[in-house]
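Heads up, the thing below is written out as structure tokens.
Readers should treat all values here as calculations from the given coordinates under stated rules, not as data from a laboratory. Fair warning: this is a prediction, and the values are worked out from it, not measured in the lab. We place every Cβ from the backbone using ideal geometry, glycine too, and count neighbours over all the protein chains shown.
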Amino acid sequence: DTGVSQDPRHKITKRGQNVTFRCDPISEHNRLYWYRQTLGQGPEFLTYFQNEAQLEKSRLLSDRFSAERPKGSFSTLEIQRTEQGDSAMYLCASSHSGGAGELFFGEGSRLTVL
Amino acid sequence: ELKVEQNPLFLSMQEGKNYTIYCNYSTTSDRLYWYRQDPGKSLESLFVLLSNGAVKQEGRLMASLDTKARLSTLHITAAVHDLSATYFCAVDMEVLFGKGTKLSVKP
């Protein structure tokens, strides 16, 4: 297993455009998390899935953000009508519910909104 | 409101000296995680502390957990340059992170 992979690694877009990020977790992990991280800050929780069910979503998250994990494997995070404030690193992580709960992170997808 | 607070946020260390980072949290979580992040890189798990009184050690780093005080510490023994990074603690099911402590080690 090659770990958590994210695609694309970098995305530059114009304000108002939609963007989608994909995350492939470690294959035996049933939990998948999305975080956003800006420079000098800790990861900010966005949402998480157990299998295909989205169990929690940050109350601070704009409704322009949506995430799916249709078959309980890979996940997508879509941002509609992007704003400059959406510029950040979007991190995906996975874990197994039967384990200790530590997260295994991907390398992240960096979004720049012009 | 759920909070995870780390201090200090910045720590300039001298090689060979000992230091401690503190992580306070406001939930009743009995699990606490420490992660390391190198510049431009993603996060790497260091320790998972699963119960009150848990202590884990790896090399020059030792982490401990006091769930009654809602406090975890990360102790650095005889700092060396390759420990320079940002260290995060995190708690709870959603895995809420602190703001991180940026460590730099100077000769």
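Numbers at a glance
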| read-out | value |
| --- | --- |
| For the stretch B:45-93 versus the stretch A:67-114, the gap between their alpha-carbon centres in whole angstrom | 25 Å |
| Within chain B, longest stretch clear of exposed trypsin sites (Lys or Arg not before Pro) (DSSP loop, no more than 12 other Cβ within 10 Å) | B:18-67 |
| Cα-only Debye scattering, chain B: base-10 log of I(q)/I(0) at q = 0.20 Å⁻¹ | -0.99 |
| Stokes-Einstein D in µm²/s, Kirkwood radius over Cα pairs - the stretch B:51-107 at 20 °C with 1.002 mPa s viscosity | 169 µm²/s |
| Simple label model, 7 Å out from Cα along Cβ direction - residue B:71 to residue A:76, nm | 4.9 nm |
| Cα gyration tensor, the stretch A:15-59 - rounded (a/c under 1.5), prolate or oblate | prolate |
| Among B:58, B:44, B:15: highest mean-square fluctuation, GNM of chain B, C-alpha pairs under 10 Å | B:58 |
| Candidates A:86, A:24, A:63, ranked by Gaussian network fluctuation over chain A, Cα under 10 Å, top entry | A:63 |
| Net dipole in debye of the protein assembly as shown [+1 Lys, Arg Cβ; -1 Asp, Glu Cβ; about Cα centre; nearest 20] | 520 debye |
| Under DSSP loop assignment and at most 15 Cβ neighbours within 10 Å, longest GluC sites (Glu not before Pro)-free interval of chain A | A:84-114 |
| Hydrodynamic radius (Kirkwood) for the protein assembly as shown, which is based on Cα pairs only, to one decimal in Å | 18.0 Å |
| Cα-based convex hull, the stretch A:44-114, per residue volume (Å³, whole number) | 98 Å³ |
| Residues in the stretch B:43-64 that a label on residue B:78 would reach, taking backbone N under 11 Å of a point 7 Å out along Cα→Cβ | B:60 |
